[in-house]
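Report on the following structure.
The values are calculated or read from the model by the stated rules, or taken from the named source; none is laboratory data. All of these numbers come straight from a predicted model, not from anything done at the bench. For neighbour counting, all protein chains shown are included, and Cβ atoms are generated from backbone atoms with ideal geometry for every residue, glycine included. Surface accessibility is based on the protein's heavy atoms, side chains included, excluding ligands, DNA and RNA. Shrake-Rupley method; radii C 1.70, N 1.55, O 1.52, S 1.80 Å.
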Amino acid sequence: MSGRVIVITSGKGGVGKTTTNANIGTALAKMGKKVVMIDTDLGLRNLDLLLGLENRIVYTIVDVVEERCKLKQALVKDKKNPNLCLLAAAQTRDKTAVTEEQLKEICEKLQKDFDFILVDCPAGIEQGFQNAVAGASEAIVVTTPEMSAVRDADRIIGLLEAKEEIKSYKLLLNRYRPNMVNANDMMSVDDVVEILSAELIGIIPEDTGIITSTNKGEPIVNDEKSLAGQAYNNVARRIIGEDVPFLNLEEPKGMVAKMKKFFSNLIGKEK
Amino acid sequence: MILQNLYNKVIGFFRQTDAEQQESTKDTACNRLRVVLMQDRTNLTPELMERMRREMVELLSKYVEMDKDALELNLEQDGEQVALMLSIPVIRAKDEEEIKAALAKEDEEKAKSEEASEAEEDINDDDNEKDEEDSEKYEDDEESEDGDDIEEDDESEDAEEDFKESKKDTEDK
């Protein structure tokens, strides 16, 4: 078995890299794939929180690198899905504790036992980014329809294109707000795709459920009713090669629809 | 609270229809992004672009008489390809003798500088390289000598102002 190593990156912080990682990982595992997630954000680890695994971490990636434990010992199994594992980042060390070579080696070892290795990349374009990318051959660039996030994504795409090991990269548009797009107050999917001229792998709508699911330590893909959860599930299906149409996120258009929405919102508020 | 919500919603509802008539913030964002990404991708600062523009004016005025202040040089993106777009409002074509005179004058200057010291010869070499690059761009500009060039000028002037503004911003920081 030779698993696919996918790095999830963005340049800008706070656009949803870690959330994306947790959800895609969980979705792939639910489909029966063997998945391991590597948190490379040394000193600022969060992937454990999103998965609700923060109390189960004994060893971290730094312990593996410094040979205080074996690689297998450091893999934390998910609570619900035995197909899903986490290799946590060290919280007390900085980005220099692991080198590009060491990360590459870890990825190569994990490729033998897992279908997917998802690498959670830290924000920025410094060594942390270089490390995270080192072992990967595919990338998902997360961005939001905001200027700063798109600009940083463009920079990241430039850096990824310069890397020979990265064979393909895809764009994931996060925190999309269809009502703002309809009011022409937010860049649309087409705008972002055209500006970055990159292939799209998913559109995730802004969803308050992301916050509540993080509160619980449970990825939103487990909630099948949530739109963001469905969107993440679709991303996972596209990753394994299924041809899944993009969710219809557009809100009703036209005067009548606007009135309807307007009144239904009003009624909703008064309850 | 409920009343205030109601008021905001009613106002917001009517404002939304007004806003559609103005340039949307979305368009502003797209345009600003395109300009800034062009700079990021090419490493061409507004100063360099202006210098390139001036050099282009100098070069091309040997062959055509043009509105020097209206010559616009912009980077535009067409899919994955970044193109250098040159738009020149031509006042009139120069006649053969004028062009010959201009070229002869240039040759004379070149000959003079070749006689000068070795150090100066190095600079001359650089000039020759530049001429080669420029001649490539000259081909582009022949294609773009359509009528609609002049219409674009206002927009691109704005873009240039934006360049300067954004530069100031970064300097402030």
Rounded to the nearest 100 Å², the accessible area hidden between B and A, summed over both chains at a 1.4 Å probe radius, is 2200 Å²
Whole-Hz Karplus ³J(HN,Hα) for region A:90-98, in order, using 6.51 cos²θ - 1.76 cosθ + 1.60 and θ = phi - 60°, x for Gly and Pro? 7, 8, 9, 10, 10, 5, 7, 5, 10
Sorted by chain and number, the residues with a modelled amide H under 5 Å from that of B:M66, at a separation of 5 or more or across chains, are B:I91
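By per-residue mean of other Cβ atoms within 10 Å, what is the highest-first order of B:38-46, B:107-115? Mind showing how you got there, number by number?
Working: B:38-46: 14.8, B:107-115: 10.2.
In descending order of packing, they fall as B:38-46, B:107-115.
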For the pair A:N179 and A:K79, how long in nm is the line joining their label points, each one 7 Å along Cα→Cβ? 3.2 nm
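Hey, any idea what % of region A:4-270's accessible area is carbon plus sulfur with a 1.4 Å probe? Walk me through the numbers on the way to the answer.
Working: 5860 of 12100 Å².
After summing per-atom areas, the C and S share lands at 48 percent.
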Interface residues in region A:179-193 - accessible area drops by 30 Å² or more relative to the isolated chain, probe 1.4 Å: A:A183, A:N184, A:D185, A:M187, A:D191
For A:D39, what charge total do you get from the other residues with a beta carbon under 12 Å from its beta carbon, if Lys and Arg give +1 and Asp and Glu give -1? -2
By how many degrees, between 0 and 90 and to the nearest 10, does the Cα long axis of helix A:100-111 differ from the longest principal axis of chain A? 80 degrees
Expected vector for region B:33-50, Karplus 3J(HN,Hα) from phi with 6.51, -1.76, 1.60 and θ = phi - 60°, integer Hz, x for Gly and Pro, equals 5, 4, 5, 5, 5, 4, 5, 4, 6, 9, 6, 9, 6, x, 4, 5, 4, 5
Below 8 Å between Cα atoms, with a sequence gap of 6+, how large is the relative contact order for chain A in percent? 24 percent
How large is the accessible surface per residue of chain A, computed with a 1.4 Å probe and reported in Å² as a whole number? 46 Å²
Long-range HN-HN contacts of A:I201 with modeled amide H, under 5 Å: A:L171, A:L172, A:L173
At a Förster radius of 22 Å, what calculated FRET efficiency corresponds to the Cβ-Cβ distance of B:L48 and B:A102, to the nearest 0.05? 0.25
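Please compute the average number of Cβ atoms from other chains found within 10 Å of each residue's Cβ in peptide B:25-34.
Details: counts 6, 10, 3, 1, 9, 8, 0, 2, 11, 2.
Per-residue shielding by partner chains comes out at 5.
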Would you work out which of A:F129, A:I117, A:G43 lies farthest towards the positive end of the dipole of region A:1-147? Charges go on Cβ: Lys and Arg +1, Asp and Glu -1. A:I117
So for each of A:227-236, A:161-170 I average, over its residues, the number of other beta carbons within 10 Å; can you give me the resulting order with the highest mean first? A:227-236, A:161-170
If we count every other residue with Cβ under 14 angstrom of A:N215's Cβ, Lys/Arg +1 and Asp/Glu -1, where does the sum land? -3
Tell me the label-point distance for the pair A:S168, A:L247, using the 7 Å Cα-to-Cβ offset, in nm and rounded to one decimal. 2.3 nm
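Need one value for A:140-148: mean number of C-beta atoms belonging to other chains within 10 Å of its residues' C-beta atoms.
Working: counts 0, 0, 0, 0, 0, 2, 2, 7, 1.
Mean inter-chain Cβ contacts per residue within 10 Å come to 1.
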For chain A, just the Cα set please: Rg and Dmax, both in angstrom. 19.0, 66
